[in-house]
Amino acid sequence: MAVIQKHGKTYSPDLVCHKDNHPPAKIVPGCHKKWPEHNTSWSRPVARIWTVVLLLGTCLLYCARVAMPICAVSMAEQFGWSKRESGMVLGSFFWGYCFTQVFGGYVSDRVGGEKVLLLSAAAWGSMTAFTPILAHFCSQPILSMTLARFLMGLLQGVHYPSLASLCSQKVVESERGFLMSTVGSGSYLGTLVIGGAGSLMLDLYGWQSVFYVSGLLSVLWAYCMWKYLLKGEGPIITLESLGSSGVQSKLTKRHWLRLLKQPAVCAVIVTHLCTASTFFTLLSWLPTFFKDTFPDAKGWVFNVIPWLVAIPSSLFSGCLSDHLISQGFDTASVRKLMQFFSMGVSSVFTLLLCGTTTFPWAVAFVSATMGLTTFSHSGVSVNVQDLAPSCAGALFGVMNTCGAFSGVLMVYFSGYLIEATGSWASVFALITTVNLLGLCTFLAFAEARRVDIDSTKVRHHNIHI
């Protein structure tokens, strides 16, 4: 074994293990057998192909996810659901979504994110396509649809942790921002596609067609990924590949305890929690804000324009961050700059909504807010891959779980504020406060050096070689 030092401004003291001509007598304590080496990274052409494929997959993920909210009114009329029952069906997705985040990242770190993405996409795509059949052939559609949405949440919960794991293992540091921001824009693209095409299919062919088309397209995407990118290799996940032995489990516990004590790791968790909370709140309450404040306004304007702005904004943030890093700027400083735009500058436009404004200005402020929020794809979302590439999927799962729970709590609390104060200004002030809290935490403690390496043990071992 030999020990080398990583080059670059953001990796100054960190050490990693790699093989040379000497026989590997021992495994260095603190080094994980699944840590990616540089020769496993995708070449640029391959990375571009995967970027397009993963963008399409994320787009279809949101098409399948948003199919139920689009069809909820028609289904409620057909099956006689009340508002409370409709809310139960829609809300069941969240509970399943939270439970598989960490598990999906954990498995992805050990067997490869592409395998988990493939299996989950085939599963949730099939579940989406079978949803109308479950609704018609079950004597209690409310129960079958609630269970179906819960299972959808379970299956889709592994998507983003798997992406984080795959990116950390296969993409070089200077290109991660572009890939994550591009793939992240698929969520906005999917919302737009299903909102337009789904509404048209709903009017022409009924709500069942929305589920059939989005589900079958998702299964087709999974098949093409398996056939042409994975070359038909079976996505087999065994207990051995998961590292289920007792010794490895003990090492994993020590590894995680040491990791969670790092200030930089705590900073990304807190910052992602704040980012997710404010995003979920804006996503949930902005349509109601426009309906209450501008009752005569056309819904398609404020439901479409902000997402049209968010897509190019997300792509621009990824290109900008990768360009700055390739020019030699410190990686940690670039991540902080992106997060400053996402949480700092966006809060300025959020506060402008507190005052009296016209409908065009309100749409402009909201579009600027949502566009700038996408800069987090090149900030905190990719920073976890800088800190802990050996377990980026599981760590991102922890972040996303915390963000999902806090997001739901903040959405409920925002509704309480609206009823208690009768003013939307209190909600926008709350969003700004949470954003600034997360931003200050990130600016103070964020780093870009690897913290998943026990460098003291590596140095100690090196003395005995």
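The values are calculated or read from the model by the stated rules, or taken from the named source; none is laboratory data. Values in this document were obtained by computation on a predicted structure and should not be read as measured data. FYI the Cβ positions are ideal-geometry reconstructions off the backbone, even for glycines, and counts take in every protein chain you see. Heads up: the accessible areas ignore ligands, DNA and RNA and are worked out on the full protein's heavy atoms, side chains in. Shrake-Rupley method; radii C 1.70, N 1.55, O 1.52, S 1.80 Å.
Values computed for the structure shown
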item: Qualifying residue in the range 87-96 (condition: open to solvent by 10 Å² or more (accessible area, probe 1.4 Å), touching a residue at least 24 places away in the same chain (Cβ under 8 Å) and over 22 Å from the mean Cα position of the chain (by Cα)); result: yes
item: Spans of helices (runs of 4 or more DSSP H) in the range 280-372 with at least 3 residues closer than 19 Å to residue 442 by Cα and charged (D, E, K, R); result: none
item: Single residue of the range 40-54 satisfying the filter (assigned to a helix (DSSP H, G or I) and open to solvent by 40 Å² or more (accessible area, probe 1.4 Å)) that is nearest to residue 203 (Cα to Cα); result: 52
item: Residue match in the range 364-373 (condition: open to solvent by 40 Å² or more (accessible area, probe 1.4 Å) and modelled with pLDDT of 90 or more); result: yes
item: First in the range 128-139 and assigned by the TED database to the domain that holds residue 213 and without any contact (Cβ under 8 Å) to a residue 40 or more places away in the chain, second anywhere and part of a helix (DSSP H, G or I) and surrounded by fewer than 19 Cβ atoms within 10 Å (Cβ to Cβ), Cβ under 8 Å, 6 or more apart; result: 134/144; 138/144
item: Test result for residue 195, surrounded by fewer than 24 Cβ atoms within 10 Å (Cβ to Cβ) and either at pLDDT below 95 or within 30 Å of residue 326 (Cα to Cα) (or both); result: yes
item: Cross-chain or 6+ apart pairs with Cβ under 7 Å, the range 336-356 first and within 13 Å of residue 431 (Cα to Cα) and in contact (Cβ under 8 Å) with a residue 12 or more places away in the chain, then open to solvent by less than 50 Å² (accessible area, probe 1.4 Å) and in a loop (DSSP other than H, G, I, E, B); result: 342/379
item: Filtered residues of the range 165-214 (kept if in contact with a helix residue (DSSP H, G or I) (Cβ under 6 Å, 6 or more places away or on another chain) and without any contact (Cβ under 8 Å) to a residue 12 or more places away in the chain); result: 209
item: Scope the range 272-302; condition over 24 Å from residue 416 (Cα atoms) and either touching a residue at least 12 places away in the same chain (Cβ under 8 Å) or touching a His at 6+ places or on another chain (Cβ under 8 Å) (or both); matching residues; result: 297, 299, 301
item: Residues satisfying the stated conditions in the range 414-442, i.e. open to solvent by 60 Å² or more (accessible area, probe 1.4 Å) and touching a Gly at 6+ places or on another chain (Cβ under 9 Å); result: 436
item: Enumeration of residues in the range 382-432 that are among the β-branched types (Val, Ile, Thr) and in contact with a helix residue (DSSP H, G or I) (Cβ under 7 Å, 6 or more places away or on another chain); result: 382, 384, 398, 401, 408, 411, 418, 427, 431, 432
item: Inter-residue pairs, beta-carbon under 8 Å, first without any contact (Cβ under 8 Å) to a residue 24 or more places away in the chain and farther than 13 Å from residue 164 by Cβ and in the range 397-414, second assigned to a helix (DSSP H, G or I) and not small (Gly, Ala, Ser), 6+ apart; result: 413/430
item: Residue match in the range 377-395 (condition: under 25 Å from residue 315 (Cα atoms), open to solvent by 30 Å² or more (accessible area, probe 1.4 Å) and either assigned to a helix (DSSP H, G or I) or acidic (Asp, Glu) (or both)); result: yes
